[in-house]
Amino acid sequence: MAENNSNRTARKKPVVVQVSDMGRLQPQARDLEQAVLGALMLEQDAFFKVNETLKPESFYERAHRLIYQAIVDLAARQHPIDMLTVIEQLKKNGDLEAIGGPLYISQLTENVGGAAHLERHAQIVAEKFLARELIRYTGEIQGKAYDETIEVKELMQEAEGELFRISQQNIRNEADQKAREVIRQALAEKQAEMDEIDRLKQSREDFRGEYKKLLQHFMDDADSVFPEQTLNAPNGSSSSVNPVITPTPSLPRNSTGQPSSGIVDQEATTYSPMTDTNFNDLD
């Protein structure tokens, strides 16, 4: 019975054997960590490009973890992120002296040209962190594997679960990166479409202006070739000149006011009724 109790006690508190890393330096990218922090303090809204990729523990240097934590605190309160606000936040957190004072913050911003490759730099920093996590956990698994009080099946399940968690974190980071690339590409294509629409609109306006000029040119030519008097002539007229009406000459009259006897009254002759004719004179 005492032996069983001692075995249960041993299971509750397994002895973990630390495996030496043989003096090898863990994966890290100190220069890129500095570049990322400097870019975050130089470019407005740069934090939101990397906040899904990086966490404070992603940084290898302790000072860098503290600085990034101060940036996270500022972003959470929607405060601007720059050299002065980060220094002030580090003071509030009590970490300003631990990171090397304001001088080190100034050096971070001076040694960075900009944020052109910020996302790629952040991705490399995150990958180095995942590599350190794998080294850390595989070392723990090795140490536990030497402990005969731990069931192998339990150890395998634990190892699989932890490795799955680490791999999911890496997949999530890559998925976020790809999603941002897709969104960025979609926005670029939409902007190109809007530019093309604006260009077509401008081309249409230019064409309309040239068309109006051409019509005006034709109208000017028509006015010079066809005078206004000609253009206003009635349709179907054989001549463009209005017909001339010749007045009928007045007939000479005698002293009584009647037409002269030498001239036949044509109107009277033409419309004289047949009843006025004396047919008896024909005999």
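The values are calculated or read from the model by the stated rules, or taken from the named source; none is laboratory data. As the structure is a computational prediction, the values presented were derived from the model and not from experiment. Cβ placement follows ideal geometry from the backbone for every residue including glycine, while neighbour counts extend to all protein chains displayed.
Per-structure values
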{"quantity": "Wholly enclosed helices (runs of 4 or more DSSP H) of segment 32-139 bearing at least 2 residues out of contact with any strand residue (DSSP E or B) (no Cβ under 6 Å at 6 or more places or on another chain) and among the polar types (S, T, N, Q)", "calculated": "83-93, 101-110"}
{"quantity": "Criterion: within 31 Å of the chain's Cα centre (by Cα) and among the aromatic types (F, W, Y) - qualifying residue of Y68, Y146", "calculated": "Y68"}
{"quantity": "Residue within segment 80-90 that is polar (S, T, N, Q), crowded, with 17+ Cβ neighbours inside 10 Å, at pLDDT 95 or above and touching a Pro at 6+ places or on another chain (Cβ under 9 Å) present", "calculated": "no"}
{"quantity": "Residue selected from segment 107-156 under the condition touching a residue at least 40 places away in the same chain (Cβ under 8 Å) and among the basic types (K, R), by the criterion farthest from E33 (Cα to Cα)", "calculated": "K144"}
{"quantity": "Condition met for E110 (modelled with pLDDT under 85 and of a type in the set (D, E, K, R))", "calculated": "no"}
{"quantity": "Residues of segment 67-106 classified as without any contact (Cβ under 8 Å) to a residue 60 or more places away in the chain, touching a helix residue (DSSP H, G or I) at 6+ places or on another chain (Cβ under 7 Å) and either over 16 Å from D31 (Cα atoms) or among the aliphatic types (A, V, I, L, M) (or both), total", "calculated": "24"}
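Yes or no, residue by residue, for (1) under 30 Å from L25 (Cα atoms); (2) over 38 Å from the mean Cα position of the chain (by Cα); (3) surrounded by 10 or more Cβ atoms within 10 Å (Cβ to Cβ); (4) at pLDDT 75 or above:
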{"site": "A122", "(1), (2), (3), (4)": "yes, no, yes, yes"}
{"site": "L130", "(1), (2), (3), (4)": "yes, no, yes, yes"}
{"site": "Q142", "(1), (2), (3), (4)": "yes, yes, yes, yes"}
{"site": "I183", "(1), (2), (3), (4)": "no, no, yes, no"}
{"site": "D206", "(1), (2), (3), (4)": "no, no, yes, yes"}
{"site": "P227", "(1), (2), (3), (4)": "no, yes, yes, no"}
